[in-house]
Amino acid sequence: MKWLKITGAMLLTPALLYGCQTEQIQRQVEIQADEVKKKEASTVVGQEEKVSSPLLKEEARITEERNEQVEAAKVAEKTQQEAIEAKEKRNKLASKEKTTPAEEQKPPATDVKEEATNQNQQEEGQKPKKTLIHYNGHSEQMEVALTFDDGPDEIYTPQILKILRDNGVRATFYIVGSEARRHPEMVKLIKAEGHVIANHSWNHTDFRKLSNEQLLKQIKKTDKLLQEIVGGEVSPYFRPPYGALRPEQAEVIRQHGYIVTNWSVDTRDWSGISSNQIVQKVREQTAPGGIVLQHFAGGDRSATVRALPEIISYLQEKGYNLTTVEEVLR
Ligand SMILES: [Zn+2]
């Protein structure tokens, strides 16, 4: 019996102590709750206020969490809104020019939702595969797109336009925004002659060093200026300077309604090689659906100008239809 009593006391003592402690804690909690109420009532609870008691800490944590959730919701809403705007823009382009590749017509709003819903899905590779950077068009079609980067200027641009005009060939011009601002009349001429106006950044900086905000500013500023110059929509085709992007940047650009288009045939016409060597690059690398990279400004482009008539006749003799990027991607 004695043993039982001792054991009972041993069991009861911590329980009683615990009970007392619980009561004490509860009272303390009530006092602290009162303090919180008082502080709230006197509106002195601010973000900067030093938080000392556990309850206040908890209160602050919850407030912070709530603020974070509100911020996250705002960001999500903004992204959704931007995606909707991008979708509207693409739909407008598609219905107006009927040139946007079918693959790119998926509503971006859905894509954003897909990504937001479950990141694990992405990790598990369940996300539908999308082409983020186009290097060429359809290999079963005897089509090639001639593309020209880095202009416009007033020396080589008119010469290239004349050669294209004389041969009845349409091409795609990737325009640098700051150069367009210097030579708006050349942008108008390119458009007037039936070529495709595309975007090659504002000042030809390396996009890999830019934040998402900075790169979108480069693209959108150029887009806006080009639209002002031609008095209407321009194509959604974008080519990063040096063709260089980090993979996640390509996704951001796509989500904003632009289509990243690099090349499959590099003429290296900027490197100081002869016009014959430029033509040789085209002979070696061109295949059906090819996109040929040349430059129409930004340095001495006399070799590019000399090579162009020969490139056109070579490709036409091979049976290629020379057309624009939007057509080879269609
Ligand atoms: Zn360039």
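List of remarks:
- Close amide H pairs (under 5 Å, H built 1.01 Å from N) link residue 238 with 199, 259, 260, 261, residues at least 5 positions away or on another chain.
- Overall Cα dimensions of region 143-299, principal axis frame, Å, largest first: 42, 32, 28
- Computed about its Cα centre, the charge dipole of region 132-329 is approximately 320 debye, with only Lys, Arg, Asp and Glu carrying charge at their Cβ.
- Summing Cβ point charges (Lys, Arg +1; Asp, Glu -1) relative to the Cα centre of region 198-311 gives a dipole of roughly 140 debye.
- Options 184, 200, 158, ranked by Cα towards positive dipole end of region 147-255, top entry (Cβ charges): 200
- Evaluating kT/(6 pi eta Rh) at 20 °C and 1.002 mPa s, with the Kirkwood radius of region 228-280 over Cα pairs in the Stokes-Einstein relation, gives 157 µm² s⁻¹.
- Relative to the current alpha-carbon distance between residue 306 and residue 141, full extension at 0.36 nm per residue lengthens the span by 56.6 nm.
- Considering only 218, 321, 259, the residue lying farthest towards the positive end of the dipole of region 132-329 is 218, judged by Cα position with unit charges set on Cβ.
- Amide H contacts of residue 291 (H built 1.01 Å from N, under 5 Å, at least 5 apart or other chain): 137, 145, 264, 265
Since every read-out is calculated from the coordinates, none of them should be taken as a lab result. As the structure is a computational prediction, the values presented were derived from the model and not from experiment. Neighbour counts are summed over all protein chains in view; Cβ atoms, including those assigned to glycine, are modelled from backbone coordinates with ideal geometry.
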